[in-house]
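Notes for the one structure printed next.
The values are calculated or read from the model by the stated rules, or taken from the named source; none is laboratory data. In this text, all values refer to a predicted model and were calculated from it rather than measured experimentally. Glycine gets a Cβ as well: all are built from the backbone with ideal geometry, and neighbour counts include every protein chain shown.
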Amino acid sequence: MKLHAVIALSLLAWGCDDGDETSPDAQPAREDVQIFQPGQDAGGGGTGGGGGEGRLHHLMSYVKTVSPRGGGASRTDLFVYDFEDEEEFDLTSELEGEIDCTSRVCRVKADLTWIGWLAPQGGGGYALLVAPIDLARRRVDIDAKRSVSEDVLDFQFTPDNIVYKRGTAAGAEAALEVISEPIGGFNAAGCASGAVPAEQCQQIIGAINASGDFRVSRDNNLVILIQATLSKMDLSFFNTSTGTAQKFVQFGEDEGTGSQFNGQLPMSLSPDSSYMAVFTRDEFLWKINVVEARPGAPAPVVMDLFETSSHPDGDCQRDMPFNFNEVLFNPFFGSSSDHFYFLAHGDCSRQDNPNFNRDDYDVFKVSKDLSSPPVNISNNLRASHWSNHQMIEFTVSSDGNQLAFISARPNNNLSQSIWIMNTSDGSYNCDRQGNPQPSLDSITRCEFIFDDTQNQDTQFRSPQFHEVMVSK
């Protein structure tokens, strides 16, 4: 029997202020753009904007790689699309060789004020670098880039900090450090003497083995530390404001058998920090576990989903909507914290039909109390046809109204597009394409972000919705 022990935890959530993270530049700023911070009045403040009333602009960032056919070097850049201005712009095209989104990973902060990337370092491994984004001028201020650390395996942004995993992942017992520090740097001398508050300094959050990992909250500076073995998984919160950590839930049991725990399992903390959604492969069965993050919380609420592909009795045993065998990526939360979303994948259709050539993918919406079955919001076709989308990555707008996902172009598996759906009725956003391809049902499917350039293949990754306040 698996133990789901919840240890009381008191969470402290706080507001954030990134300050003025841009630097002066000779180019004229776009005076109609200012960064929108939580709690900020729409009438003024921010960076690069004037006073008066404003309106919220919705943006989407993504990484785009273009590969010439017949040879030649690929090119990878960070793009942003503005839904209000109906305009796409490239933040890194003039910085070839400066920002590396190819070798391992690059990511942007949720408010589009910083970009971070991992670049190969001499002797092996990767160095973590960050640079501020000047959204008013639609560029990265590369002259203000900062080298954070070497030997970094992964990183994430919180509102104020950058959190990263450092070390050499060699063997199951390899010791890796998880570290948090202010994105723009810190006063080393002041931190060493105690003259600077701890939250403004580098903090060692903890050590994990190669099976462990970490997660962050996108709306405050809490960090989730994950310690994992095959038989159990311990989750702890680290509060960068107080410098304290506390274990709050354990999955599995010491020296147990039959589980498949590791720190890369899909899991996320809700924006209001009230609960976590944790997907586990417990006894060869995918499960959703909702863990309340509060003192005296009850045991997690659990919902069985479907068998894993390694189930001793076989997978794909369940009827729709649970005819899958894998959960992909971390769940995604809307701003209200009432629901979260996950991407299910499987080869169940191909198992039933040897002539079928496409896997199954769908995005589901789940209420935080698991009081009702997950709702399929993508309703992907099951057919050997391009309109059966092979969903590579997805994201959902903060209001939950738009689902964006990456999939192959119509009749062209060598290139990808970003597609946007309305989550309420399943319709596709066709604002940027007037000649949609025919599909197998009554739904008109249109690519939203795509590239028609001849003799090249295009791939996308890391789609992310953002919001900024635009002054009049």
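Hey, can you tell me all the residues within region 94-110 that are charged (D, E, K, R), under 16 Å from the mean Cα position of the chain (by Cα) and within 13 Å of residue 120 (Cβ to Cβ)? Can you show your working first?
Residues of region 94-110 that are charged (D, E, K, R), as a first pass: 94, 96, 98, 100, 104, 107, 109.
Now drop any that are not under 16 Å from the mean Cα position of the chain (by Cα), which leaves 104, 107, 109.
Result: 104, single match.
Confirm whether residue 263 is within 28 Å of residue 466 (Cα to Cα) and small (Gly, Ala, Ser).
yes
Considering region 431-472 alone, what residues qualify as being under 26 Å from the mean Cα position of the chain (by Cα) and farther than 23 Å from residue 56 by Cβ?
445, 446, 447, 450, 451, 457, 458, 459, 460, 461
Residue 293: out of contact with any helix residue (DSSP H, G or I) (no Cβ under 9 Å at 6 or more places or on another chain), among the aliphatic types (A, V, I, L, M), farther than 16 Å from residue 214 by Cα and at pLDDT below 85, yes or no?
Yes, satisfied.
For region 49-72, state whether one or more residues are on the phi > 0 side of the Ramachandran plot, modelled with pLDDT under 50, surrounded by 18 or more Cβ atoms within 10 Å (Cβ to Cβ) and over 20 Å from the mean Cα position of the chain (by Cα).
no
Restricting region 361-413 to residues that are assigned to a strand (DSSP E or B) and hydroxyl-bearing (Ser, Thr, Tyr), which is nearest to residue 344 (Cα to Cα)?
Applying the filter and picking the extreme gives 361.
Here are some conditions: (1) under 24 Å from the mean Cα position of the chain (by Cα); (2) assigned to a strand (DSSP E or B); (3) surrounded by fewer than 21 Cβ atoms within 10 Å (Cβ to Cβ). Residue 246 meets all but one. Which one does it not meet?
(1)
Please state which one of 364, 342, 356, 332 is of a type in the set (Phe, Trp, Tyr), over 22 Å from residue 217 (Cα atoms) and out of contact with any Asp or Glu (no Cβ under 7 Å at 6 or more places or on another chain).
Result: 356 is the single residue among 364, 342, 356, 332 that is of a type in the set (Phe, Trp, Tyr), over 22 Å from residue 217 (Cα atoms) and out of contact with any Asp or Glu (no Cβ under 7 Å at 6 or more places or on another chain).
Being β-branched (Val, Ile, Thr), assigned to a loop (DSSP other than H, G, I, E, B) and either touching a residue at least 24 places away in the same chain (Cβ under 8 Å) or more than 15 Å from residue 463 (Cβ to Cβ) (or both), is that true of even one residue in region 111-123?
Looking for residues that are β-branched (Val, Ile, Thr), assigned to a loop (DSSP other than H, G, I, E, B) and either touching a residue at least 24 places away in the same chain (Cβ under 8 Å) or more than 15 Å from residue 463 (Cβ to Cβ) (or both), one finds at least one in region 111-123, hence yes.
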